[in-house]
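Here is the structure we will look at.
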Amino acid sequence: MKNQIFNGEAFLITGIADEHSLAMYVAKEIIANGGNVVCTGLGVSSLHKDLSEKATAFLNKNYKDFQNAVKKELGNVETAILDVSLDASIEAFAQSMVEKGIKINGFLHAIAMDKTIRQKEVKPLLEVTKDEFCDTMEISAYSLIRIAHYLMKYNVLQQGSSICSLSYIAAAKVTFHPYRNISIAKAALERITIELADELGRKNGTRVNVIRFSPYMGSKAGNATLHESDLEISGEVSPLGNALPMDLAHEVIHLFRPNSRITGEIRHVDGGYNIMG
Ligand SMILES: NC(=O)c1ccc[n+]([C@@H]2O[C@H](COP(=O)([O-])OP(=O)(O)OC[C@H]3O[C@@H](n4cnc5c(N)ncnc54)[C@H](O)[C@@H]3O)[C@@H](O)[C@H]2O)c1
């Protein structure tokens, strides 16, 4: 039997939409290495008010796809609804962990949303409205703070735990794909990582890191955003070609490993794209 990295520790995995989500690769790898997962999906909860029929149908389908994928790929694991656009949903999730007696040894933040990207077309930054800017910032960056806040408030996040979120090189540079609005949220996510690494490290021994990953079209978000040509360009520029979801999963596992002292890092899992001029 191979040496296991985990000994039953539990990790919260956000951001699974279906079996092709990056978060799913991470969840599978945690289980393969002796850990447990609690998975959250975006769906309708009692906390949602005045949802349109269209929004309700979208959220219901999203949650069904999430549950089917989790069952198929991970078997019987704990699942819950989490909509980070509602503070009350994050709080209710943390409370549900207390009720179930589940303590969390870390979490993966794999959540992003940007309505200024539609069918691979990106709105110029000059045209982005305040609502579009703030919604993207709230869902894709601020939510990292709020998840950590409520898990701490209810004493669910264990001492020495590890948090990891997902970003890309566009947080720092204009790249093969003009992300614009979401790039700014990713820059905020990275800065939040550094500030939280200081606060949570001192308070709870908790590590906080972020990984910039290669473009990946397999997921819903990736497919809605990227063109094949983006992957070709980044693959050619990167000395090792584009990194794959398993490369990402291995790095997250490494950062989740108990008793490490790696924190506040902005890591690259990108085949070396970032070193090129
Ligand atoms: N695909 C890529 O090329 C790529 C590259 C680098 C980083 N990333 C990042 O990886 C993460 C996961 O993306 P992915 O490519 O696996 O796509 P994905 O579509 O599988 O995952 C995005 C997730 O965000 C969730 N989400 C959106 N709004 C939410 C809300 N209000 N509350 C809770 N969850 C919400 C969606 O339900 C979905 O599960 C994102 O942060 C993304 O920016 C993706």
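We did not get these values from a lab; they are worked out from the coordinates using the rules stated. Treat the numbers as computed from the prediction; the structure is a model and nothing was measured. Please note: Cβ atoms are built from the backbone with ideal geometry, for glycine as well, and neighbour counts cover all protein chains shown.
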- Extension length gain for residue 233 and residue 51 (0.36 nm per residue less Cα distance), in nm, is 61.5 nm
- Which shape class, rounded, prolate or oblate, goes with region 3-45 when its Cα gyration tensor gives a ≥ b ≥ c as root eigenvalues, a/c under 1.5 marks rounded, and past that a/b bigger than b/c marks prolate? oblate
- Task: Report, for the chain, the % of DSSP beta bridges that are antiparallel, rounded to 5.
- Result: 5 percent
- Message: Based on DSSP loop calls and a cut-off of at most 12 other Cβ atoms within 10 Å, the longest stretch of the chain free of exposed trypsin sites (Lys or Arg not before Pro) is what?
- Response: 174-260
- Set 71/220; 64/186; 100/186; 123/220; 72/186, cut-off 25 Å on Cα-Cα distance; pairs above it are 64/186; 100/186; 72/186
- Could you bin all the Cα-Cα distances of region 141-277 into 5 Å bins starting at 0 and give me the percent of pairs in each, rounded to whole numbers? 2, 10, 19, 21, 19, 13, 9, 5, 2, 0
- Item | ³J(HN,Hα), Karplus 6.51/-1.76/1.60, whole Hz, each residue of region 109-125, x for Gly, Pro | 9, 10, 10, 8, 7, 8, 6, 8, 10, 10, 6, 6, 9, 9, 5, x, 4
- Query: What is the set of long-range amide H partners of residue 162 at a cut-off below 5 Å, with H atoms built 1.01 Å from backbone N?
  - Reply: 106, 107, 207
- Query: In angstroms, what radius of gyration and Dmax does region 10-275 have, counting Cα atoms only?
  - Reply: 17.5, 50
- Hey, got a sec? Which chymotrypsin sites (Phe, Trp or Tyr not before Pro) in region 1-78 land in a DSSP loop and have at most 11 other Cβ atoms within 10 Å? none
- Any chance you could list P(r) for region 130-220, counting all Cα-Cα pairs in 5 angstrom bins from zero, rounded to whole %? 3, 13, 22, 22, 18, 12, 8, 3, 0
- Query: Are there GluC sites (Glu not before Pro) in region 36-124 that DSSP marks as loop and that have at most 16 other Cβ atoms within 10 Å, and which are they?
  - Reply: none
- Prolate/oblate/rounded label for region 48-133 (Cα gyration tensor, a/c 1.5): prolate
- Task: Work through the residues other than residue 269 whose Cβ is under 12 Å from its Cβ and net out their charges, Lys, Arg +1 and Asp, Glu -1.
- Result: -2
- Message: Using the basic label-point model (7 angstrom from Cα toward the beta carbon), what is the residue 220 to residue 259 distance in nanometres?
- Response: 4.0 nm
